[in-house]
Amino acid sequence: MKFLPKALMIALLMIMLAATPAIQGNSTGKHNQAASGCGCHSNGGGVTATNDFPTSYTAGQVYSINIGHAGAGSLVGGFNVVVNKGTLQNAGTGVQISGGTSATHVNSGQLGWTFDWQAPSTGSGSVTVNIAVLQANGNGQTSGDAWDTDSVSITETVVQNIPPVASNVFVSTPQGVPCSQAYYDEVLMANYDYNDDNGDPETMSQIRWFKNGNLAPAYNDMEIIDDMETTIGDNWTFTVTPNDGTDLGSPVSSSDTVEIIDYDTDNDGYGDQVDAFPNDPSEHADADGDGTGDNADLDDDNDGTKDADDAFPFDSTEDTDTDGDGIGNNADADDDADGVLDVNDAFPLDASETLDTDGDSIGNNADTDDDGDGAPDADDAFPLDASETNDADADGTGDNADQDDDNDGALDVNDAFPFDASETLDTDGDGIGNNADTDDDSDGVLDDEDMFPLDASETIDTDDDGTGDNADTDDDNDGTLDADDAFPLDATETTDTDDDGTGDNADTDDDNDGLLDVDEATAGTNPLLIDTDADGEGDGTDAFPLDATETSDKDGDGVGDNADAFPYDATESIDSDQDGVGNNADAFPNDASETSDSDQDGVGDNTDWAPLDATESIDTDNDGVGDNADAFPNDPSETMDSDGDGVGDVAQAAAEADAEALRNMIIIALLVVGVLGGGAVMFLRRRGGEEASAKSFDQPFEASTESMPAAQPAGAVTPSVVQQPVQPVAQEPTVLRQWTDEKGYTWRSMSDGSNYWWTGTEWKRA
């Protein structure tokens, strides 16, 4: 009775093993088969693949994707999706992702699957997505199933850059609110809000500070002005021009102007820095420094003149202002304000008089003979000159002093013709006065053609500056000496930087570096220097003409080759952990020991025990089974506890085998005892019958004197029970090794030579 259930179990096990799928069974999908569909299955039709991939994408955006079926009808199915650009990630339930480009099902118990797709970077172009779906009938075979494929093309959406905008622009103290005044010991802070419709981050926005209405370049792009940089009475504002790295927005000025002020402890309207009595609201000044405030002091400047009589009560150097012009007499150069300085005024305190020509103490305005020559002023041609009274030729020079007798404008001593009013000079000494001479300097050039008719050394004056070309050091009068002027006779040009024969004013490329001057102005380079940043590469070929550390950008990513960790890869420029993999592609950009995470479990492939299995990363006991699947992660001899009793299957199988063997031994022993006991009874019965049949039945009946057989004499041999050999009981196989293959399947090698694989819900024999 004990052997029948076991036989049934063996039969059922054989049936189950016979139905086990191959290692590449359909419960787990395959990668990179979306284009060709489920070729290993028949296609009964009637099913349509569904998806919600977008028709266009924005670079870098993450999209949630749903893959499903329409039509047919089944409880089991599978799928595969392959993208040629972008990254598949965040696998949902029952989904596994390979290499970021292929997704498939983990088991066949679903008809819908979800995951995320991150769109590629800007400029990637159109994306192709191949999709295959399967609905299986569950017969364990590849027949009678239905599948469908689809292909989706996704175009890139190019986003036009919108310049950023600055708003809420104001100056503040550390309190962080707009203000119109700040104390001299407070820092000033530039505040503004940055907004960009494209979501671009702020990149080096321009900040320009203005002090008292004038640009203060020393503080360009500073967000904080230290209190050491401000002075009481200053007025500060700033403008900000937002920058998103591509475009500059419009400059916006702060809504407030902040005045730097002093503290006023006594609140008298005078700052403590200028208040001689900062704690006395009734006083703020002490002009004479005597310790008594000006409001209480009767002689504020301590000059000995009471304030009531002092025109300058706060100036110890002044007390009188004769002309009432607000300047004290000691400092006033014209005390009577008559327009004549006191040093030249014979009557400095009398506005009606300034001169006393004859020194008679009577001002000229009142004196009738100012020069005291005896000739009344009314009759004196020179009333202020005692040496002259007449001017015969009415030339303004008295006859006594007149040196030009013919009144031709030349002194007699210098007049070649002192008695001829029509002539004064004979430049060439030929006896002919210049007025009559046609070549006054006898240089061979007639006076009407000679720009210097009185200078025999000059004839031409190109720039009409009055200096002949022979003597003129700047013939074209352009401000550049002829010795330094590339074009000495052309006032429009002075310099030819590139020596091409065309002056810089007319030359459109002064330094001949291949960049037009107007383009250099836009680029910020020097139009007069071939190599503005002096790095040895001309501006025309320098990708970074203003950066001496860079000349080339081979991959065109905007990062110079010297600073670019990947100068030939436009997708990468930084390698933070210096592991040779750029930060964009490095799953662990700050960990030099890791670069990828194939199963997306957050553990790098280098340290992940199962880099292709997102469910496992550690095998603590090194038994080939990951800790998550290992019921005994710290015991290398056990991995499973099928009945959940806390005892491993290996130990439990051994115990059960021992118990089974004991039970079998007991059963055999009982059977042997039963057989031997039955034989003894039959033997005794047969022997008794034979004795009875040997007696004479002719004798009268008498009581039997026979008794029970005497006890066996000592030494007699008692029949022994024959010990039958115990048949060995088959033991359950044990796990020798467990591993995960390259496709993510988990396997076990058993002690009986069989192999089992994990379907996701149970172990099946292969």
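A short reminder: the numbers here are calculations on the coordinates, not readings from a lab. Since this is a predicted model, take the numbers as computed values, not measurements. Counting neighbours? That spans all protein chains shown, and the Cβs are built from the backbone with ideal geometry, glycine included.
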Discussion item. Taking the alpha-carbon distance from LYS554 and a cut-off under 18 Å, which aspartates and glutamates remain once sequence neighbours fewer than 8 residues away in the same chain are dropped?
Written reply: ASP535, GLU537, ASP539, ASP542, ASP564, ASP569, GLU572, ASP575
Practice prompt. Quick one: angle between helix 3-18 and the longest Cα principal axis of the chain, in degrees between 0 and 90, rounded to 10, please.
Written response: 40
Item to complete: Can you grab the distance from the C-alpha centre of the stretch 496-566 to the C-alpha centre of the stretch 267-281, Å, no decimals?
Response: 59
Item to complete: Please give the FRET efficiency for SER593 paired with THR87, using the beta carbon to beta carbon distance and R0 = 22 Å, rounded to the nearest 0.05.
Response: 0.45
Discussion item. Testing the spin-label approximation: label points 7 Å from Cα along Cα→Cβ at THR571 and GLU259. State their distance in nm.
Written reply: 6.2
Worksheet item: For the stretch 120-250, what log10 I(q)/I(0) values come out of the Debye formula at q = 0.18 1/Å, with one point per alpha carbon and no solvent?
Response: -0.99
Response to the item:
Taking every C-alpha to C-alpha distance in the stretch 31-157 and binning by 10 Å from 0, the per-bin percentages run 14, 46, 29, 9, 1
Worksheet entry | Label point at ASN628 placed 7 Å out along Cα→Cβ; residues across the stretch 575-600 whose backbone nitrogen lies under 15 Å | 597-600
Response to the item:
the chain: relative contact order from alpha carbon pairs under 8 Å, six or more residues apart, as a whole percent, is 5
Worksheet entry | Nearby aspartates and glutamates by direct alpha-carbon distance to LYS743 (threshold 12 angstrom, same-chain neighbours under 8 apart not counted) | ASP599, ASP613
Worksheet entry | Stretch gain in nm, segment GLU732-THR48, where the contour uses 0.36 nm per residue and the Cα spacing is subtracted | 241.5 nm
Fill in: Gap separating the Cα centres of the stretch 120-193 and the stretch 430-464, nearest whole Å
87
Worksheet item: Longest segment of the chain with no GluC sites (Glu not before Pro) in a DSSP loop having at most 16 other Cβ atoms within 10 Å?
Response: 450-701
Worksheet item: If R0 is 22 Å, what FRET efficiency do you get for LEU425 and ASP463 from their C-beta distance, rounded to 0.05?
Response: 0.25
Worksheet entry | Mean shadow area of the stretch 629-682 over all directions, Cα convex hull, nm² | 4.5
Worksheet item: Between ASP519 and THR397, what is the FRET efficiency for a Förster distance of 60 Å, r being their Cβ-Cβ separation, to the nearest 0.05?
Response: 0.30
Worksheet item: Per-residue HN-Hα couplings for the stretch 162-178, Karplus 6.51 cos²θ - 1.76 cosθ + 1.60 at θ = phi - 60°, whole Hz, x for Gly and Pro?
Response: 10, x, x, 10, 9, 9, 6, 8, 7, 9, 9, 8, x, 5, x, 10, x
Discussion item. If you average the alpha carbon positions of the stretch 581-605 and of the stretch 73-102, how far apart do those two centres end up, in angstrom?
Written reply: 21
Discussion item. Modelling each spin label as a point 7 Å along the Cα-to-Cβ direction, I'd like the ASN330/ASN168 distance in nm, to one decimal.
Written reply: 6.0
Worksheet item: Length gain on complete extension for the stretch ASP412 to ILE232, per 0.36 nm per residue less the alpha carbon to alpha carbon distance?
Response: 57.8 nm
Discussion item. If I fit a long axis through the Cα atoms of helix 649-694 and take the longest principal axis of the Cα atoms of the chain, what angle between them do I get, 0 to 90°, rounded to 10?
Written reply: 0
Worksheet, complete the sentence: Note on the stretch 245-330: contact order normalised by length, alpha-carbon pairs under 8 Å, 6 or more apart, percent, works out to 12
Worksheet item: When the dipole is taken about the Cα centre of the chain, and only Lys, Arg (+1) and Asp, Glu (-1) are charged at their Cβ, what size is it in debye, to the nearest 20?
Response: 25780
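Given the Cα-Cα distance of ASN66 and ASP447 and 0.36 nm per residue of separation, how much length would full extension add, in nm?
Full-extension gain reported as 126.7 nm.
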Worksheet, complete the sentence: Expressed in nanometres to one decimal, the distance between label points 7 Å along Cα→Cβ at ASP221 and ALA661 is 8.5
Discussion item. Normalised radius of gyration for the stretch 306-351, please: alpha carbon Rg relative to 2.2 N^0.38 Å, two decimal places.
Written reply: 1.15
Worksheet entry | Normalised alpha carbon radius of gyration of the chain [divisor 2.2 N^0.38 Å] | 2.20
